[in-house]
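Asker: Attaching a single structure in structure tokens format; questions to follow.
The values are calculated or read from the model by the stated rules, or taken from the named source; none is laboratory data. This one's a predicted model, so the numbers in the text were calculated from it and none came from an experiment. Methodologically, a virtual Cβ is constructed for each residue, glycine included, from the backbone with ideal geometry; neighbour enumeration extends over all protein chains shown. Heavy atoms of the whole protein, side chains included, go into the accessibility calculation; ligands, DNA and RNA do not. Shrake-Rupley method; radii C 1.70, N 1.55, O 1.52, S 1.80 Å.
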Amino acid sequence: DIVIIGAGPGGYVAAIYAAKHNLNVIVVEKGHLGGTCLNVGCIPTKTLVKSAEVYHGYQESEIFGVYAQEYSLDMKRVITHKDEVVKQLRMGIESLMKSNHIEVIEGIGTLVDNQTVTVQGENADYHLKAKYIILANGSKIANLPIPGISLSFVLNSTTALSLDELPKSITIVGGGIIGMEFAFIYSHFGVRVSVVEYLDNILSVLDNDVIEEITKLAQANKINLYTNSKVTKIELSINNQAIVFFEQNNQQQLLVSEKVLIAIGRSPNFEGLEKIQGLELLEKNKGVKVNEYMQTSIPNIYAIGDLNGHLQLAHVASHQGIIAVKHLLGIKETIDYKLVPSVIFTNPEIAYVGINEKQAISQGLNIKISKFPFNANGKAITMNKDQGFVKII
Ligand code: FAD
């Protein structure tokens, strides 16, 4: 009944939901079950967030009357732990696939026409025919076309996850969600961190008061922030250090560090979709165009998750998968994106749902704002986590 390309949180959730509704499903995956989120995204980063939090926590343990005589960081063990967590969850998906009788074919799926997907597997080639096709190809790391980007000390969010020796210093290019999560991880591990951001602010999607607070906390964690800054090139210094050149207020600046991490975002992955005719894309190729039921311009083909250019969040991908399967079963349900919760795993975390103040104002809404600081909240004070606030609009 259905061929799904991609086994990330979009594809595998859609597959399980369809199988539970007695549809025959085949999933094609070129990498690992769980996709970006499980293998090189949400889960591994959050494992590092936790290790960094535990390590950093020792620095304030005396406040709680706990004296750690000696503590140290074993980065190899941190990475092994991360790998174990990923493996455990991957095995969980594998067993869900088996118990729901979903066949998984390894290889790159190519969409040939509106009912055919071919796969060049390692051991065999497949020619799959289905009534419906769900594209869940996800996204890939966006490219920064500047000189020096391929130098060996330049990391991306995937290679950074396997770094089992910490650098003394790192320059992170991009102060968005992924960049700032890594900034807090590394600074908690004791690495000297600088963040270079092209826009006026880090985490610019947030309200200004939230940005101010997290900027203050980043600086308190010795994270150096350079906003309004355009990185122009990266070079290797004579003593094997990375030099990141950038323009700030029309002035040339540079930062020297041991490693550089590029975290400028992700773009949709159109791999395997090159041959199909009539599949409409969004402006500037920002994704595959879909309607509110995730249907593409070819009605029996759906596109879910990061591929369709809505919100790049795992739970959105999963929910879109369910919406797509429901639609092909004849049930018309839609998503209200205003109700999607998000979390940014800085320290402290930033969590939000609904529209923010900036958006409310731009929509001309008559709003009232309540704010309550954590430094007046009992539980926050007991935890020595009294920075930040709750804001209701
Ligand atoms: P993906 O997870 O990208 O999966 C797509 C799959 O399709 C991949 O496995 C790929 O190998 C496969 N594929 C692609 N093309 C083909 C083809 N032609 N043939 C066969 N297989 C193919 N989101 C959150 O909600 N919370 C977080 O905390 C969070 N943290 C993140 C941290 C990082 C560092 C990154 C990079 C992302 C993070 N995200 C987070 C985003 C989240 O990972 C994505 O939104 C989510 O994975 C999208 O799911 P998807 O199923 O659309 O695609």
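Asker: To the nearest 0.05, how large is the calculated FRET efficiency for Val205 and Met383 if R₀ is 22 Å and r is the Cβ-Cβ distance?
Answerer: 0.25
Asker: Follow-up. Could you identify which residue out of Gln69, Gln115, Gln248 has the top mean-square fluctuation in a GNM of the chain using Cα springs shorter than 10 Å?
Answerer: Looking only at Gln69, Gln115, Gln248, the biggest GNM fluctuation is shown by Gln69.
Asker: Once neighbouring chains are kept in place and the probe is 1.4 Å, which whole percent of the accessible area of the chain is contributed by carbon and sulfur?
Answerer: 51
Asker: Which one, Gln363, Thr382, Thr334, is farthest towards the positive end of the dipole of segment 333-393 when Lys and Arg carry +1 and Asp and Glu -1 on their Cβ?
Answerer: Farthest towards the positive pole: Thr382.
Asker: Taking only protein heavy atoms and a 1.4 Å probe, what accessible area per residue, in Å², does segment 27-167 have with all protein chains in place?
Answerer: 57
Asker: Which net charge results when you count Lys and Arg as +1 and Asp and Glu as -1 among the other residues whose beta-carbon is under 14 Å from that of Lys140?
Answerer: Here the count lands on +1.
Asker: Which one, Glu235, Glu258, Glu283, has the greatest fluctuation when you compute a Gaussian network model over the chain with C-alpha springs under 10 angstrom?
Answerer: Of Glu235, Glu258, Glu283, the most mobile in the Gaussian network model is Glu283.
Asker: Using the Cβ atoms and a cut-off under 12 Å, what net charge is assigned to the surroundings of Phe245, where Lys and Arg are +1 and Asp and Glu are -1?
Answerer: Its environment carries a net charge of 0.
Asker: Hey, what's segment 288-393 come to in accessible area per residue, 1.4 Å probe, Å²?
Answerer: 55
Asker: Also, quick follow-up: Using the basic label-point model (7 angstrom from Cα toward the beta carbon), what is the Thr334 to Ser61 distance in nanometres?
Answerer: For Thr334 paired with Ser61, the spin-label model returns 5.4 nm.
Asker: Let me have the 222 nm mean residue ellipticity of the chain computed from DSSP H runs of 4+ only, each contributing -39500 (n - 2.57), with the sum over all residues rounded to the nearest 500.
Answerer: Taken over the chain, the calculation gives -8500 deg cm²/dmol.
Asker: Right, here's the next one. Just report the Cα centroid separation between segment 144-158 and segment 231-265, whole Å.
Answerer: 11
Asker: Please go through segment 302-355 and write out the trypsin sites (Lys or Arg not before Pro) that DSSP classes as loop and that have at most 16 other C-beta atoms within 10 Å.
Answerer: Lys332
Asker: Sticking with this structure for a sec: Could you tally the net charge around Ile298, taking each other residue with its Cβ under 10 Å from the Cβ of Ile298, Lys/Arg +1 and Asp/Glu -1?
Answerer: With Lys, Arg at +1 and Asp, Glu at -1, the neighbours total -2.
Asker: Taking 7 Å along the Cα-to-C-beta vector as the label spot, tell me the Asn366-Glu103 distance in nanometres, rounded to one decimal.
Answerer: Using points 7 Å along Cα→Cβ, the separation is 6.1 nm.
Asker: Work out, step by step, the length gained on full extension between His21 and Ser342: first 0.36 nm times the residue separation, then minus their alpha carbon distance; give nm to one decimal.
Answerer: Contour length minus Cα-Cα distance gives 112.6 nm.
Asker: A follow-up question, please. Counting pairs on different chains as well as pairs 8 or more places apart, how many Lys pairs in segment 317-393 have Cα atoms under 21 Å apart?
Answerer: Taking segment 317-393 as the scope, the lysine pair count is 13.
Asker: Of the cross-linked pairs Lys230/Lys259; Lys129/Lys286; Lys46/Lys87; Lys30/Lys286, which ones have a Cα-Cα span greater than 24 Å in the structure shown?
Answerer: Among Lys230/Lys259; Lys129/Lys286; Lys46/Lys87; Lys30/Lys286, the Cα-Cα distance tops 24 Å for Lys129/Lys286.
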